[in-house]
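Below is one structure, written out as structure tokens; comments come after it.
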Amino acid sequence: MPLKDRIAEALATVIDPAAAADMPGAEAANILASGRVSGLVVRPDGGVGLVLAVDGLERSTAERLQAEVEVAVNRVAGPKAARIILTADRGSVAADAKPQASTIPGIRKLIAVASGKGGVGKSTVSANLAVALARQGFAVGLLDADIYGPSVPTLLGIEGRAQLEGNRLQPAQVHGIKALSMGMMTDPGKAIIWRGPMASSALVQMVEQCDWGVLDVLVIDMPPGTGDVQLTLAQKLKPDGAIVVSTPQDLALIDARRAVAMFGEVGVEVLGLIENMSGYCCPECGHVSHPFGQGGAEAEAAAIGAPFLGRIPLDIGIRSDSDSGQPGRGVAAHAFLPIALRVAREIGL
């Protein structure tokens with residue numbers, strides 16, 4: 001079958017969201033039948049072009065439709081083959097707020113979770129934030145970008161290696177999210193000894209060559225610090241926003257300030273700061289103590305003019321659930337829900 005016909009066949013599996021709303025419970029029209037797609041061409045270099053009308057769709061709906069079309073085309077024609085021109089009638093909702101997809105086909109939004117130093121719980125925050133977003137009905141992916149110390153497999157209870165289908169890595173599907181980590185491609189006890197450029201290149205490939213499907217948001221668990229890998233990820237992947245994690249203590253806040261400054265240098269909006277390990281409630285007497293200090297991240301957020309997203313307590317339940325690969329339970333579920341809702345609003349989900 002000619003490539004153009006195979007692409008058309010793939011596009012016929014994408015349902016027109018307006019038709020689905022008009023025909024609940026019935027077989028709604030696909031985007032070819034409804035006329036949303038026109039001008040389908042396959043260029044000699046293998047690139048695919050088409051026009052996608054987003055008339056009358058809310059911005060979030062239009063973004064997701066664009067992502068679904070990108071994935072449908074790219075799965076047939078190859079990664080990054082799709083070149084989509086969006087159109088909308090003057091005065092329509094979509095025309096007033098033209099969808100802006102991320103740099104990765106099929107992924108609407110990218111969030112970087114960073115810290116200026118290690119040991120502040122950045123990966124724990126990333127995993128629990130991803131699960132909390134998924135529980136709000138969003139399609140979520142989690143990329144463990146910490147090449148030298150990948151911890152997401154442990155946090156999510158992932159065992160075994162990542163699989164290849166064709167030339168595409170298949171992410172693990174656990175706890176309602178999709179996840180990929182260098183820890184899923186190496187032996188657990190083996191050290192990864194790479195120079196900065198090698199690590200940077202590998203991480204970009206993990207994002208671009210993974211079969212993420214259609215995601216509302218990809219959470220990127222960044223390596224700690226402000227070095228080569230962090231700069232490459234920020235510049236090449238162009239996240240829609242960054243979250244900086246810190247404990248309340250002064251030493252961690254100094255490094256958090258550097259992380260905020262790095263994102264400012266590369267033009268990535270800081271969505272806010274999260275204060276982790278913020279207070280310990282004694283299970284015997286109920287007294288709350290503050291072994292790492294109190295309110296430091298909130299004060300720092302106010303000082304640099306960034307939002308304060310919330311506090312995560314120092315709680316044995318979060319620690320034990322993290323060690324056993326069961327995020328998003330107990331205290332974590334309550335602590336991360338308001339943070340996830342605020343982040344979703346900030347990035348326009």
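Any idea which of PRO150, PRO171 is crowded, with 22+ Cβ neighbours inside 10 Å and over 30 Å from ARG258 (Cα atoms)?
None of the other options fit; the residue is PRO171.
So that you can scan it fast, the table gives a plain yes or no per residue for (1) farther than 11 Å from PRO17 by Cα; (2) in contact with a Cys (Cβ under 7 Å, 6 or more places away or on another chain); (3) not charged (D, E, K, R); (4) not in a strand (DSSP E or B):
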| residue | (1), (2), (3), (4) |
| --- | --- |
| SER34 | no, no, yes, yes |
| SER38 | yes, no, yes, no |
| VAL41 | yes, no, yes, no |
| GLY46 | yes, no, yes, yes |
| LEU57 | no, no, yes, yes |
| THR61 | no, no, yes, yes |
| LEU65 | no, no, yes, yes |
| ASN74 | yes, no, yes, yes |
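Looking at the range 71-91, which of the residues that are on the phi < 0 side of the Ramachandran plot and of a type in the set (Lys, Arg) is nearest to the chain's Cα centre (by Cα)?
Here the answer is ARG75.
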Of GLY330, GLY305, which residue is in the same structural domain as LEU129 (by TED's automatic domain parsing), closer than 24 Å to ARG258 by Cβ and surrounded by fewer than 18 Cβ atoms within 10 Å (Cβ to Cβ)?
GLY305
Among residues of the range 49-70 being among the β-branched types (Val, Ile, Thr) and crowded, with 21+ Cβ neighbours inside 10 Å, the residue nearest to the chain's Cα centre (by Cα) is VAL69
If ILE220 passes every condition in (1) at positive phi; (2) at pLDDT 80 or above but one, which one does it miss?
(1)
Counting residues that are β-branched (Val, Ile, Thr) and touching a helix residue (DSSP H, G or I) at 6+ places or on another chain (Cβ under 6 Å), which strands (runs of 3 or more DSSP E) fully inside the range 98-181 reach at least 1?
107-114, 140-144, 172-174, 177-181
Is it true that GLY317 is more than 30 Å from GLU58 (Cα to Cα) and either of a type in the set (Lys, Arg) or in contact with an Asp or Glu (Cβ under 9 Å, 6 or more places away or on another chain) (or both)?
no
Being within 22 Å of ALA145 (Cα to Cα), small (Gly, Ala, Ser) and in the same structural domain as ASP216 (by TED's automatic domain parsing) narrows it down to one of GLY325, GLY279, so name that one.
GLY325
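The values are calculated or read from the model by the stated rules, or taken from the named source; none is laboratory data. In this text, all values refer to a predicted model and were calculated from it rather than measured experimentally. As a convention, Cβ positions derive from the backbone with ideal geometry for all residues, glycine included, and neighbour counts pool all protein chains shown.
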